[in-house]
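K.L.:
Questions regarding the structure given below will be posed in turn.
Values quoted throughout were computed directly from the atomic coordinates according to the rules given, and no laboratory measurement underlies them. Source: prediction; values computed, not measured. Positions of Cβ are generated from backbone atoms using ideal geometry, with glycine treated the same way; all protein chains shown enter the neighbour counts.
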C-alpha cells in the first residue's frame, strides 16, 4: 500500500523525467522523434552546409593568385554544391506541393 508521501514522490519523479528528455546532441531533436523528421533535419543541414562551403570557396577563389580569376575546379565544386542543395531542398518541396494538391483534389 502506498502512502501519500510515496505517491507524491512518484508523481514528482515522473514529471521530472518528462521535462528532461534526452536529445540528439547533433540535431537537438528528441531521441524519440520520428526517423523521418530527424532525416529531414540532417538533409536540410547538409544542403545548407554545402551551399556555405561552395560560396566560401568561390569567394576565396578571387583572393588567391591570379587575382580575379576562379579556377575551373572551384567552379565545378560550386556547381556540385548547387546541384546537391537543389536536389535536397527542391525535390522535397516539389513532392510536398504535389502531395498537397492531390489531397485537395480528393477532399473536394
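K.L.:
Label residue 64 and residue 34 with points 7 Å out from Cα along Cα→Cβ: what is the distance between them in nm?
P.N.:
Taking the two extended label points, one gets 4.4 nm.
K.L.:
Further question on the same structure: Could you give me the radius of gyration and the Dmax of the stretch 34-107, taking only the C-alpha atoms into account and expressing both in angstrom?
P.N.:
17.5, 61
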